[in-house]
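Here's the structure, in structure tokens; my notes come after.
The values are calculated or read from the model by the stated rules, or taken from the named source; none is laboratory data. Remember, it's a predicted structure, so these values are computed and weren't measured experimentally. Neighbour counts run over all protein chains shown; Cβ positions are idealised from the backbone, glycine included. For the accessible areas, the whole protein counts, side chains as well, though only heavy atoms, and no ligand, DNA or RNA atoms are used. Shrake-Rupley method; radii C 1.70, N 1.55, O 1.52, S 1.80 Å.
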Amino acid sequence: MSYFEIRGGAPLEGIVTISGAKNAGLGVIPAAILAGEACIIENLPYVSDVSCFGRILTQLGAKVSLEPNGVMTIDPSTINCLSATSNEVSSFRASYYLLGALLGRYGMVEIALPGGCDIGDRPIDQHIKGFEALGATVTIDEDNALIRAEAKRLVGCEVYLDMASVGATINIMLAATRAEGRTTIVNAAKEPYIVDIANFINMMGGSVRGAGTDEIKITGRQRLHGCTYAIIPDMMEAGTFMIAAAATGGNVVLNNVIPNHLDAISAKLLEGGALVEVDDDGRDFYVRVRADRRLRAVNIKTQYYPGFPTDLQQPMGALLTRAKGRSLLIEDIFEHRFKYMDELKRMGAQIVVNNRRAMIDGVEELCACDMRANDLRAGAALVIAALSAQGTSRVYGIKYIDRGYEHFEHKLRALGADITRAD
Ligand code: UD1
């Protein structure tokens, strides 16, 4: 079983280049199905969720190649199968975008119910509501854990989302792109991924307006063409490195970032006493984070974008275990996202969890220990805790980290971290 061995205590120092956004890439890859021709997608992170999605499209008959530099070519014109039921499909969340993409393109789809990180109940009722409003019939076969959707025609409509779900917004956008007429998504998610996927659809000749606001209008098109498109930088990876820099009392410059995507994280690090500077080198923006070994406590409530992202609640929780004073974390999006705190407590962290609230009394030092990650961002949080602790820790469950962080340990090592992957 693989694990990271981490000797903590050294501040992270140097320059790190942020990879493409996993969550945007995982929407753009299936969106390529909507085109009648090949698309080239650049700046994808070389992580296991991305390569897994490539294999799934290949199983459907598409021609797919993925280079280690993050360039994926997808030719969907050879797709000859509309059923994706392998274990790989149920192993990650974003496979559910096949529903919107294949339904939109071919009017029929069957997939295994999606899996993904165990961070709480993850219903897909809003996705289904959207497909049905477009005219599809959706059935769930609980016995075989399958979901099917079919429609003779999809017709534009208005869909109101009960909550600003990222997944539902993207899925409905995908299906509506090939529907007849105009679809309006009201109370849409505003995350940068949504804008990126909308830009990709538009580059293929689609018409998506208003992405990034809470009302998105999609005018269906009968034909979309191929294109070349580069994914935006990953705000969650950037946020993770910003928090890791602050947690270790380091001094790190992040390249390939869009600074305003990081406003919520920067604000909380500044409030805790870190220095966060945005500058440009004449061509591109960069962000520098510098901090003393212990920040001040801060209170955080996770929210939809542009609020503080739930994905960074876990790395931030690790940082706050050593902050001066008492912090309150409120997790408002996913109910099981505090499980990693049991591992932090074994390092000596003082945490009381009550339902969706965690009260953290910062301690001077964490002590190294062996820990197990149970989801992607929890994995990053445990690595950050180990980097800021005294002594040598092991973090197990790194298959989760590999799902979403490209070359994580290499990037950390280049910043001076003592981290190795071992079996
Ligand atoms: C996506 C991201 C994930 C991130 C999350 C919130 C991907 C692959 N994953 O997940 O990293 O943590 O956004 O930013 O992009 N909900 C319903 N019914 C639905 C859909 C959602 O009740 O039909 C609820 C969920 O249970 C959750 C909330 O809405 O409480 C937000 O979920 P959503 O935004 O859909 O998250 P995902 O798309 O699953």
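Each of Asp342 and Arg209 was given a label point 7 Å from its Cα along the Cα-to-Cβ line. The distance between the two points is 5.1 nm.
Residues whose amide H lies under 5 Å from that of Tyr160, counting only those 5 or more places away or on a different chain, are Val186; hydrogens are built 1.01 Å from N in the peptide plane. When you restrict to C-alpha pairs under 8 Å that are six or more residues apart and normalise by the size of the chain, the relative contact order lands at 21 percent. Each other residue within a Cβ distance under 14 Å of Met359 adds +1 if Lys or Arg and -1 if Asp or Glu, for a net charge of +3. For the stretch 301-423, a simple Cβ point-charge model (Lys and Arg +1, Asp and Glu -1, everything else neutral) yields a dipole of about 160 debye relative to the Cα centre.
Close amide-amide hydrogen proximity is noted between Gly61 and Asn80, each under 5 Å apart and 5 or more residues distant or on a separate chain (H modeled in the peptide plane; Pro and chain starts excluded). Rounded, prolate or oblate for the stretch 98-196? Axes are the square roots of the Cα gyration tensor eigenvalues, ordered a ≥ b ≥ c, and the cut-off for rounded is a/c under 1.5. It comes out oblate by the Cα gyration axes. DSSP beta bridges fully contained in the stretch 278-403 are about 60 percent antiparallel. If you take the Cα centroid of the stretch 303-368 and the Cα centroid of the stretch 158-228, the two points sit 34 Å apart. Seen through its C-alpha gyration tensor, with square-root eigenvalues sorted a ≥ b ≥ c, the stretch 332-376 comes out oblate because a/c lies at 1.5 or above while a/b is not bigger than b/c. Inter-label distance, Lys301 to Thr228: 4.6 nm, where each label sits 7 Å from its Cα along the C-beta direction.
Beta-bridge orientation, the chain: approximately 70 percent antiparallel, per DSSP, counting only bridges with both partners inside.
Adding -39500 (n - 2.57) for every DSSP H run of four residues or longer, then dividing by how many residues the chain holds, sets the calculated 222 nm ellipticity at -9000 deg cm²/dmol. Between Thr137 and Thr85, the contour length at 0.36 nm per residue exceeds the Cα-Cα span by 16.8 nm. Once the Kirkwood radius over Cα pairs is known for the chain, the Stokes-Einstein relation at 37 °C and 0.692 mPa s delivers a diffusion coefficient of 151 µm²/s. What net charge is computed for the residues neighbouring His261, neighbours being all others with C-beta under 10 Å from the C-beta of His261, Lys and Arg scored +1, Asp and Glu -1? Net charge around His261: -3. Projecting the Cα positions of Gln303, Tyr286, Phe334 onto the charge dipole of the chain (unit charges on Cβ atoms of Lys, Arg, Asp and Glu, taken about the Cα centre) puts Gln303 furthest along the positive direction. Rounded to the nearest 5, what % of the DSSP beta bridges within the stretch 38-177 are antiparallel ones? So the antiparallel bridges amount to about 90 percent of the total. Of the solvent-accessible surface of the chain, computed with a 1.4 Å probe over protein heavy atoms with every protein chain present, carbon and sulfur atoms account for 47 percent.
Which residues in the stretch 1-28 place their backbone N less than 19 Å from a point set 7 Å from the Cα of Asp418 along the Cα-to-Cβ direction? Of the residues in the stretch 1-28, 3-14 have backbone N under 19 Å from the label point off Asp418. For the pair Arg55 and Ser77, the difference between a 0.36 nm per residue extended length and the Cα-Cα distance amounts to 6.3 nm. For the stretch 216-237, backbone nitrogen atoms closer than 17 Å to the point 7 Å from His407 Cα along Cα-to-C-beta are found at 233-234, 237.
Placing pseudo-labels 7 Å out from each Cα toward the beta carbon at Glu150 and Glu37 gives an inter-label distance of 3.2 nm. Sequentially through the stretch 321-328, phi angles give Karplus couplings (6.51, -1.76, 1.60; θ = phi - 60°) of 4, 10, 6, 7, x, 9, 10, 10 Hz, Gly and Pro residues having no value and appearing as x. Take 382-394, 269-281, 335-347 and order them by the average number of nearby Cβ atoms within 10 Å per residue, most first; the result is 382-394, 335-347, 269-281.
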